[in-house]
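First the structure, in the form of structure tokens, and then the observations on it.
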Amino acid sequence: MIDKTYQPSSFERRLYKQWMERGYFTPSVHSDAPPFSMVTPPPNITGQLHLGHGLDNAIQDTLIRFKRMQGYNTLWLPGTDHASIATEVKIVEALKKEGVDKRDLGREGFLERAWQWKEQYGGRIVEQLKSLGSSCDWTRLAFTMDENCSKAVRKAFVRMYKDGLIYRGDRIINWCPQCKTALSDAEVEYEERDGHFWHYGYTTPDGKTTVTFATTRPETMLGDTAVAVNPNDARYTHLVGKTVVVPFVNREIPVIADEYVDMEFGTGVVKITPAHDPNDFEVGRRHNLPVIRVMNDDGTMNENAGEFAGMDRYEARKAIVARLQEMGVLQKVEPHKHNVGSCYRCHTTVEPIVSKQWFVKMEPLAKPAIQAVKSGEIKFHPERFEKTYLNWMENIRDWCISRQLWWGHRIPVWYCDDCGAEICEETDPTVCPNCGGKHIRQDEDVLDTWFSSALWPFSTLGYCSNSDDFKTFFPTSVLSCGYDIIFFWVARMIFSSLYNTGKAPFKDVLMHGIVRDEQGRKMSKSLGNGVDPVEFIDRYGADTLRFALINGVANGSDIRFSQDKIDGTRNFMNKVWNASRFVLMNCEGKTLKDISAVKLSLADKWILTKLNDVIRQVTELLDKFELGMASQCMYDFVWSEFCDWYIELTKPALYGSDDKARIDTLSVLAYVLDKILKLLHPFAPFITEEIYQGMPVHSETVMTERYPEYDGKYFFADDCKLVEELKELIAKIRNIRSEYGVAPSKRIRAYVLAFDNRITECDGYIAKLCGLEETVYAPAPKGEKTVKAVCSAAACEVPLGDLVDKDKEIERINKELENVTGEIARANGKLGNRGFLAKAPANLVEAEKAKLAKYEDLRKQLQARLDELS
RNA sequence: GGAGGCAUAGCUCAGUCGGUUAGAGCGCUCGCUUCACAUGCGAGAGGUCGUAGGUUCGAAUCCUACUGUCUCUACCA
């Protein structure tokens, strides 16, 4: 027997430990069953569990449990990401507290510390994930820097290098002066900020002509190597080819003509700083301009900055503006809003800087990746994200993959100091294969974290060794993650997998949104509005968390996580618990029958039919990845059908004197509950297992039980319809009681005139659910003061003596009549429409006719009642 | 600049292939400690589905425009 109150903390840990110990999460590679596999988006080892992980895991675990119960050989592979920048920053900070600079330790020493850190804290997030109930196969836990993954990184890099898809070159990249590394375009976040437009000009050496322009970053002027105008701009044609002088550095630079300059914008003159602006860099290339860097890696001005050398970039900006003003060169300052890029890790403003970095040539990789989605080989759910993906892929630029960090996969390229050769092989060279020289040294940089994440679906499965896992589980079935990492991760996995394995890494991409707070704001540390899932689970249980995140949410849409939602979900779990307790309490000590041996009551037939309906719906929805709707179906079935009606309808039999009927009813109750637990298990694994273990008949675990399937033996359309009519009748009587304020405890009499004779067989149900002491299946005797209501299967009258208020009655009937008349008009309108009759499907026309007939009957009844009253 | 989402009850949101008397939860009103559950039960009120056109026998649903709103993306100095 289960506990009296629902206390998830009393069993969730215990059950999870049991599942793990018994190896339920681990699939077999030798199974004949069809495979179903997923890999998790690996959380950063520096990460703390947040609701995003909660959502991500809830979705994937629901899917994997569903598939497992359907008999698939399921693998859900977990792992963690080394998170190059994030981890290095964290360790550098820790060292700083000890007064140590990472350079003091040297590369080796630093890495030793980093691995230590990883061993100590890297598993924390894994333990937190377990509290969500995730049925990942922890025996296969992967890490982006473990052997499998590192081998795959090396293999992929070398192959791409040899194919000419990886190159090294001087390009403008985004530089983070705080992390002191290059970043990819995807790693820069743009934000609109208030800035200034400083207007000033450069003058020709003879001091006669000044060309004026505006800039938002005056400090870059120290690196200016030209001033550009549009070739068609008549205002400046005479100046093209002349030179002007950059103050402070006294550099004579040419005035050039380039299409890039927009004549309409500002003065139509642009100062060109090839070393610090992507567009200027391109202009510089076209005109063979010198590239002069004026900044150091830490954002201070370098020796090329003359008198400003050593200053921080913003300090230098101020100083330059002040000096320009002093010199009387500054013409005006305008406020200006512009987008400023910042580092996605530390939020420092990034600096576009020319730098020698490694890049992946994207165009050849993007083509097949675009094709895979366009052809439908890979499908996004919801579909609209395909546009987002394609839009990005079609406009993609080369990917900067080198990072000036130590923690990560070191770039497997060696340089020979003797002959200058560049060596890139799968095994580490000891001498230069070109000249045999021993003076070789490895590139200092590491790879972008996302380079290894991009290989995740196959690297983790042992792609390099063509392992059994790889053969069995690759390509994976579904990839689920938030839409915020489509570019970082999903897109890169697709092209990496197509390139390396020749196959798409997965067939379906299931996107979810972001978890927001009650007011729709992103949860963040600085706002302090985050919910700690660990704490939450202690309080409400993992099932409530998971269900609250999934229930009724459409794929890809953001979620507002509110206390209301939590309460509602917790209440639902409590409902499941108590309904189960009702069944189990009544079953105690009884020997139940298989339902094939049960004489089914009307209520039994109804609930079994409804059960079949819900099985079909939930399965269909899960097959379409509509988890939110599937859980909603379960919610409605359990609460509104099973609890509100079926359990109530079983009470006459349970509390009656017929022992045989009682056993029969209990057998059906237990049968339906068993199915409910199984249907609900993927959504709420803990509560369902705990209750399941208390069932009169149960196996070792519900999680490997077969997911319920539609059973045509228990589908009774006619009986089901009758019960729906019965519910309507019961609602009418209850309504009268309520409207007339009859105390719920008061037993009253009702007259029921059944249009459908089978209603008379429902005596026990009506009496119990309406609190009647007697039901008379005949019209009320003449002269008795009653309140009357009509529904499809019957008319009912409740004698209320002097309570009956004639005017109120007339009003009530009139209101109903109005409603029914409206419906008749609507149905008539449809049926009177030739187009409808000719073109609408026959079943709809029939249904409309049936409705019309029903409403006309009702109208007659209501009219008769009205006549009676007046 | 480009792309996309959203706009449905007081609030938060479902609504799949166009056909339901437009749904849920919360909130609200009334009544109830009825032997699974007051984390509950019963009864109710509340919506011309953003606006204007169009397609269709039929539109919350499809198309066009507009208005409002949010997000992504680009980065005109």
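Quick note: the coordinates plus some simple rules give every number you see, no bench work behind them. Computed from a prediction, not measured in an experiment: that's the story for all the values here. Counting neighbours? That spans all protein chains shown, and the Cβs are built from the backbone with ideal geometry, glycine included.
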In the range A:381-465, which GluC sites (Glu not before Pro) are in a loop and have at most 14 other Cβ atoms within 10 Å, using DSSP for the loop call?
A:383, A:425, A:426, A:444
Test of understanding: given chain A, find the longest segment containing no chymotrypsin sites (Phe, Trp or Tyr not before Pro) that are in a DSSP loop and have at most 11 other Cβ atoms within 10 Å.
A:266-654
Extending each Cα 7 Å along its Cβ direction at residue A:309 and residue A:713, get the distance between those two points in nm, one decimal.
9.2
Separation of alpha-carbon centers, the range A:764-779 and the range A:270-314, rounded to whole Å:
91
In percent, how large is the relative contact order of chain A, given Cα pairs closer than 8 Å and 6 or more residues apart?
13
How big, on average over all directions, is the shadow cast by the Cα convex hull of chain A, in nm²?
50.9
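Provide the percentage of antiparallel DSSP beta bridges, counting only those with both residues in chain A; round to the nearest 5.
Details: 63 of 88 bridges.
Once the DSSP bridges in chain A are tallied, antiparallel ones form about 70 percent.
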If each K or R counts +1 and each D or E counts -1, the residues other than residue A:844 whose Cβ falls under 14 Å of its Cβ total +3
Inverting the mean 1/r over all pairs of different Cα atoms, compute the Kirkwood radius of the range A:638-748 and quote it in Å.
16.7
How big is the gap, in Å, between the Cα center of the range A:700-750 and the Cα center of the range A:804-870?
25
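Run the dipole for chain A about the Cα centre, Lys and Arg Cβ at +1, Asp and Glu Cβ at -1, nothing else charged, and hand back the magnitude in debye, nearest 20.
Values: 112 positive and 125 negative charges, 217 e Å.
The dipole magnitude comes to about 1040 debye.
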Charge dipole of chain A built from unit charges on the beta carbon (Lys, Arg +1; Asp, Glu -1), centred at mean Cα; most positive-end Cα among A:864, A:407, A:91 is A:864
Taking the range A:659-725, which GluC sites (Glu not before Pro) meet the DSSP loop condition and have no more than 12 other C-beta atoms within 10 Å?
A:700, A:709
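Can you bin the range A:732-791 into rounded, prolate or oblate? Criterion: square roots of the alpha carbon gyration tensor eigenvalues sorted a ≥ b ≥ c, rounded for a/c under 1.5, prolate for a/b above b/c, oblate for the rest.
Details: a/c = 1.65, a/b = 1.19, b/c = 1.39.
Because a/c hits 1.5 or more and a/b fails to exceed b/c, the range A:732-791 counts as oblate.
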Dipole of the range A:1-130 [Lys/Arg +1, Asp/Glu -1 at C-beta], most positive-end residue of A:116, A:24, A:43
A:24
Find out how many positive minus negative residues lie around residue A:354, taking Lys and Arg as positive, Asp and Glu as negative, among other residues whose Cβ is under 9 Å from that of residue A:354.
+2
Do any GluC sites (Glu not before Pro) in the range A:516-615 lie in a DSSP loop with no more than 11 other beta carbon atoms within 10 Å, and if so, which?
A:588
Of the options A:663, A:707, A:637, report the single residue whose Cα projects farthest towards the positive end of the charge dipole of the range A:631-741 (beta-carbon charges: Lys, Arg +1; Asp, Glu -1).
A:663
With only Lys, Arg, Asp and Glu charged, each at its Cβ (+1 for the first two, -1 for the last two), find how big the charge dipole of the range A:730-783 is about the Cα centre; round to the nearest 20 debye.
180
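To the nearest 0.05, how large is the calculated FRET efficiency for residue A:374 and residue A:285 if R₀ is 30 Å and r is the Cβ-Cβ distance? Provide the component values of the computation, followed by the final result.
Values: r = 33 Å, r/R0 = 1.11.
According to the calculation, E is roughly 0.35.
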Charges at C-beta only: +1 for Lys and Arg, -1 for Asp and Glu. How large is the resulting dipole of the range A:741-824 about its Cα centre, in Debye rounded to 20?
220
Specify whether the C-alpha gyration tensor of the range A:542-694 places it in the rounded, prolate or oblate class, a ≥ b ≥ c being the square roots of the eigenvalues: rounded for a/c under 1.5, otherwise prolate if a/b is larger than b/c and oblate if not.
prolate
Relative to the compact globular guide of 2.2 N^0.38 Å, what is the alpha carbon radius of gyration of the range A:787-870, as a ratio?
1.35
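If each DSSP helix of 4+ residues adds -39,500 (n - 2.57) and the sum is divided by the residues in chain A, what number results at 222 nm, nearest 500 deg cm²/dmol?
The per-residue figure over chain A is -13000 deg cm²/dmol.
From the square roots a ≥ b ≥ c of the eigenvalues of the alpha-carbon gyration tensor of the range A:383-479, which class results: rounded (a/c under 1.5), prolate (a/b over b/c), or oblate? Intermediate results must be reported in sequence, preceding the final value.
On the way: a/c = 2.98, a/b = 1.66, b/c = 1.79.
Verdict is oblate for the range A:383-479.
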What does the charge count near residue A:299 come to, summing +1 for each Lys or Arg and -1 for each Asp or Glu among other residues with Cβ under 11 Å from its Cβ?
-4
If the reach is capped at under 16 angstrom between alpha carbons, list the lysines near residue A:678, excluding any in the same chain fewer than eight residues apart.
A:67, A:610
Report the Cα centroid-to-centroid distance between the range A:244-265 and the range A:329-362 in angstrom, as an integer.
20
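Relative contact order for the range A:1-129: what percent, with Cα pairs under 8 Å and sequence separation of 6 or more?
Relative contact order here is 32 percent.
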